[in-house]
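Notes to accompany the following structure.
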Amino acid sequence: MTITNNQLNQFQNEGYVICEKFFNEDLMISLKKELDRMLDNGHARNVSTDGDGKTSSNKKVNIQICPLSPISKIFADVSKRKDVLNAVHTLLGENTELHLDQVFLKPANHGTGTNWHQDNAYFKIKDVSKGTGMWIALDDANKENGTMEIVPSSHLQSHEHIRDMHSDHHITCEGDDSKSIAMEVKRGGCVFFNYGIIHCTKENKTNAARAGLALHFVDKNYRVKDDGFL
Ligand SMILES: O=C(O)CCC(=O)C(=O)O
């Protein structure tokens, strides 16, 4: 899997690019098995709250495991794969490192989303074009099961963020549903998106769980020193 010139142009101009069939089915099966093992071993946490920003919700569930690589070799190996590094180097240049890795799981029927935000509100690098998210669909991801939605070209302006009181630690900014595009990708596909892109995920209204693996890569020269991530 290589990033084409057209894909690079789209990433540079609009701040995102979708890559279908980036990973093969065998890898997806082993990542899903590993995810089940981690869920069974109590590594996951419901980060949704009912509006107080603290207390875990009984009604809404947004499961997060973060960071992943210190507790799972199988997941840690994904960010070291040649095809992943080639793609990241094409988008950001060669001087990159993994910044953070995590899984978000939206259970069937009551899985809730992660509200609008720009990742750079967390990472705070000086030039948003020096960092990319890589969001990998571990299950087919579509509008009905709340796939990621992004606002094209929104990386050109940074927005004010406040604490998201529907999560126990996230922050959020204004998003605009009328300008966003749903990133519908089959399992094994992924989306690369600039650290400044406004994005969110939505509710899972289907009767099957949906998981996404979120990797973040940064140019080492731009990373804020001792920022507390991986
Ligand atoms: O999958 C999610 O719910 C959120 C993912 C996300 O915000 C990210 O990868 O930056």
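Every number in this text was worked out from the coordinates using simple rules, so none of it is lab data. What you are looking at is a predicted structure, and each value in this text was computed from that prediction instead of being measured. FYI the Cβ positions are ideal-geometry reconstructions off the backbone, even for glycines, and counts take in every protein chain you see.
If you check 109, 120 for being out of contact with any Gly (no Cβ under 9 Å at 6 or more places or on another chain) and polar (S, T, N, Q), only one passes: 109.
Checked against the criterion of being more than 21 Å from residue 227 (Cβ to Cβ), surrounded by 17 or more Cβ atoms within 10 Å (Cβ to Cβ) and away from the ligand (no atom under 14 Å from the Cβ), segment 100-117 has no qualifying residue.
Contact annotation: residue pairs with Cβ atoms under 8 Å, 6 or more positions apart or on different chains, pairing a residue in segment 210-230 that is under 18 Å from residue 85 (Cβ atoms) with a partner that is among the charged types (D, E, K, R) and not in a strand (DSSP E or B), are 216/119; 218/130; 219/130; 221/130; 222/126; 222/127; 222/130. Annotation: of all residues in segment 146-169 being farther than 26 Å from residue 75 by Cα and outside any loop (DSSP other than H, G, I, E, B), the one that is farthest from the ligand (Cβ to nearest atom) is 156. Residue count for segment 82-93 under the criterion of being within 16 Å of residue 133 (Cα to Cα) and surrounded by fewer than 16 Cβ atoms within 10 Å (Cβ to Cβ): the result is 5.
State whether one or more residues within segment 184-191 are within 29 Å of residue 89 (Cα to Cα), in a loop (DSSP other than H, G, I, E, B), in contact with a strand residue (DSSP E or B) (Cβ under 7 Å, 6 or more places away or on another chain) and within 12 Å of the ligand (Cβ to nearest atom). No, that holds for no residue. Of all the residues in segment 206-225, those that are in a strand (DSSP E or B) and of a type in the set (Gly, Ala, Ser) number 3. Can you find, within segment 210-230, the residue that is surrounded by the most Cβ atoms within 10 Å (Cβ to Cβ) among those that are farther than 28 Å from residue 35 by Cβ and acidic (Asp, Glu)? The selected residue is 219.
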